[in-house]
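**Student:** Below are the structure tokens for one structure; questions will follow.
The values are calculated or read from the model by the stated rules, or taken from the named source; none is laboratory data. Note that the coordinates shown come from a computational prediction; the quantities given were computed from them, not determined experimentally. Methodologically, a virtual Cβ is constructed for each residue, glycine included, from the backbone with ideal geometry; neighbour enumeration extends over all protein chains shown.
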Amino acid sequence: MNRKENFIAGFVKENPVFGLYLGLCSALAISTTLDNAIGMGLCVTLILTASNMIISAIRKITPDEIRIPVYIVVIASLVSAVEMLMAAFMPQLYANLGVFISLIVVNCIILGRAEAFASKNGILDSALDGIGMGLGYTFSLLLISFVREFLATASWTITNPFNNQVILHVGLSFLEPFKISMFSTSTGAFLTFACFAALFAVLKNKPAKKEKKEAK
Amino acid sequence: MAELFSMAIAAVLINNIILTKFFGMCPFLGVSKKTSSAVGMGVAVIFVIMGASIITYFLYHGVLVTLGIEYMQLITFILVIASFVQFTEMFIKKFSPALYKSLGIYLPLITTNCAVLYVAKDNITQNYGFVEMLVNSFSVPLGFLLVLYIFSCMRERLDTADTPNAWKGNPVALVAAALMALAFSGFAGLV
């Protein structure tokens with residue numbers, strides 16, 4: 001697989017959330033608004049890219065037996081750093097995401113990529129893989145929160161995390177009486193996610209069917 | 001006493017860790033295909049959360065606070081949890097090889113079960129005393145076991161049901177989870 005294919009794989013074919021069912025806890029819990037989704041997605045992308053690069057850089061001097069603890073320490077240090085930076089510069093987003101920022105440590109995507117990709121490939125490839133996978137994750141969060149925020153509030157809002165100014169606000173006021181607040185609760189999260197998972201299952205199986213036909 | 005009891009009820013039913021907080025989704029979808037492995041996983045998680053919470057509680061108040069390095073919390077906690085899971089794995093392997101086999105990959109993955117880290121952190125941020133900490137770290141995974149068990153029973157029935165191809169497996173299970181979350185939201189206001 002060349003670099004470009006590898007980069008794109010994270011969006012549909014190997015989409016970490018809908019395809020591989022990784023990192024679900026945060027994907028379901030913080031996908032209530034677009035703001036949270038963007039903040040969380042970029043956070044994970046940043047940490048994933050950095051951890052992939054560091055782990056790839058030290059892959060030759062890491063003893064095989066203790067590689068998992070080493071990975072975890074690298075990831076935990078990065079997450080602690082990002083957490084403190086966010087508390088200082090984006091207090092509102094930090095308050096919204098809450099405990100989920102520190103729980104990025106145990107996000108399966110990051111440890112999974114470290115084990116499956118960064119421990120075997122060069123720094124540049126690992127960085128690209130981190131960005132691709134991270135954006136794939138962000139993309140899935142955006143999809144879920146796009147649906148959930150609209151169904152729950154009949155509008156979309158994006159704010160600047162540094163100074164809390166509203167950048168974009170799209171509201172369809174005539175739909176206001178029909179909004180379904182259930183979608184901001186966990187039931188809505190599970191339902192939205194189930195629909196997307198089914199959709200991605202269809203998308204994923206399509207190329208496989210084509211190949212089968214050609215083979216015949 | 002009554003306070004502790006209502007705290008436990010709230011943790012098991014009202015603020016259920018899976019259905020309202022979404023922690024531990026990976027084992028929730030991964031090991032819920034069979035009732036027996038779901039129960040095994042639930043019990044293992046209770047054991048790990050209890051053990052890890054007690055160790056991290058003393059480590060935090062005994063070492064980190066005294067030395068004034070609370071910012072090392074995350075790194076310390078995750079290392080304690082990782083080694084404790086390793087220990088549990090060896091324990092189960094020795095005493096119940098069958099359970100060890102059926103849990104498979106998900107046993108080492110308890111390390112990355114957010115529930116464990118969440119409970120350890122929650123005990124610190126809520127400023128719980130020792131007894132409260134014990135009650136919290138028992139009742140939260142008990143809620144996990146309860147929901148995992150109910151969910152695995154539903155999935156065993158779902159397997160035989162006739163579902164459209166795209167919805168087979170996880171998607172239809174997630175719809176079931178959504179309905180379960182709706183049912184559990186009825187518990188709100190119980191305490």
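**Student:** Identify the residue in segment B:54-82 that is among the hydroxyl-bearing types (Ser, Thr, Tyr), free of Cβ contacts under 8 Å to residues at least 60 places away in the same chain and surrounded by 12 or more Cβ atoms within 10 Å (Cβ to Cβ) and, among all such residues, is farthest from B:PHE130 (Cα to Cα).
**Tutor:** Among those that are among the hydroxyl-bearing types (Ser, Thr, Tyr), free of Cβ contacts under 8 Å to residues at least 60 places away in the same chain and surrounded by 12 or more Cβ atoms within 10 Å (Cβ to Cβ), it is B:TYR71.
**Student:** If B:TYR100 passes every condition in (1) surrounded by 13 or more Cβ atoms within 10 Å (Cβ to Cβ); (2) assigned to a helix (DSSP H, G or I); (3) out of contact with any Phe, Trp or Tyr (no Cβ under 8 Å at 6 or more places or on another chain); (4) within 11 Å of chain A (Cβ to nearest Cβ) but one, which one does it miss?
**Tutor:** (4)
**Student:** Can you tell which of B:CYS114, B:CYS153 is over 17 Å from B:ALA52 (Cα atoms) and either touching a residue at least 12 places away in the same chain (Cβ under 8 Å) or crowded, with 17+ Cβ neighbours inside 10 Å (or both)?
**Tutor:** On inspection, the qualifying residue turns out to be B:CYS153.
**Student:** For segment A:10-68, what are the residues that are among the aliphatic types (A, V, I, L, M), under 10 Å from the mean Cα position of the chain (by Cα) and part of a loop (DSSP other than H, G, I, E, B)?
**Tutor:** Scanning segment A:10-68 gives A:VAL17, A:LEU22.
**Student:** State yes or no: is B:THR111 modelled with pLDDT under 85, closer than 23 Å to A:CYS108 by Cβ, assigned to a helix (DSSP H, G or I) and within 12 Å of chain A (Cβ to nearest Cβ)?
**Tutor:** When the stated conditions are applied, B:THR111 passes them.
**Student:** Identify the residue in segment A:173-190 that is aliphatic (A, V, I, L, M) and in a helix (DSSP H, G or I) and, among all such residues, is nearest to the chain's Cα centre (by Cα).
**Tutor:** Out of the qualifying residues, it is A:ALA189.
**Student:** So A:SER140 clears everything in (1) exposed (fewer than 15 other Cβ atoms within 10 Å of the Cβ); (2) of a type outside the set (Lys, Arg); (3) touching a residue at least 12 places away in the same chain (Cβ under 8 Å) except one condition, right? Which one?
**Tutor:** Exception for A:SER140: condition (1).
**Student:** How many residues does segment A:108-120 hold that are in contact with a Gly (Cβ under 8 Å, 6 or more places away or on another chain) and away from chain B (no Cβ under 11 Å)?
**Tutor:** Count: 2.
**Student:** Looking only at segment B:24-49, filter to residues that are modelled with pLDDT of 85 or more and within 14 Å of another protein chain (Cβ to nearest Cβ); which one of those is surrounded by the most Cβ atoms within 10 Å (Cβ to Cβ)?
**Tutor:** B:ILE49
**Student:** Would a scan of segment B:3-13 turn up a residue that is part of a loop (DSSP other than H, G, I, E, B) and in contact (Cβ under 8 Å) with a residue 24 or more places away in the chain?
**Tutor:** no
**Student:** Could you say which residue among A:VAL99, A:VAL105 is in contact with a helix residue (DSSP H, G or I) (Cβ under 7 Å, 6 or more places away or on another chain), within 14 Å of chain B (Cβ to nearest Cβ), within 30 Å of B:PHE77 (Cβ to Cβ) and surrounded by fewer than 19 Cβ atoms within 10 Å (Cβ to Cβ)?
**Tutor:** Every option except A:VAL99 fails the conditions.
**Student:** Taking the residues in segment B:81-97 that are facing chain A (nearest Cβ under 10 Å) and over 18 Å from A:GLY112 (Cβ atoms) as candidates, determine which candidate is modelled with the lowest pLDDT.
**Tutor:** B:GLN86
**Student:** How many residues, within segment A:72-91, are of a type in the set (Val, Ile, Thr) and free of Cβ contacts under 8 Å to residues at least 12 places away in the same chain?
**Tutor:** 1
**Student:** Sticking with this one: Only one of these conditions is not met by A:PRO91: (1) crowded, with 18+ Cβ neighbours inside 10 Å; (2) more than 14 Å from chain B (Cβ to nearest Cβ). Which number is it?
**Tutor:** Every condition holds for A:PRO91 apart from (1).
**Student:** If the requirement is being away from chain A (no Cβ under 13 Å) and either of a type in the set (Ser, Thr, Tyr) or not in a loop (DSSP other than H, G, I, E, B) (or both), which of these qualifies: B:LEU146, B:LEU179, B:LEU117?
**Tutor:** B:LEU146
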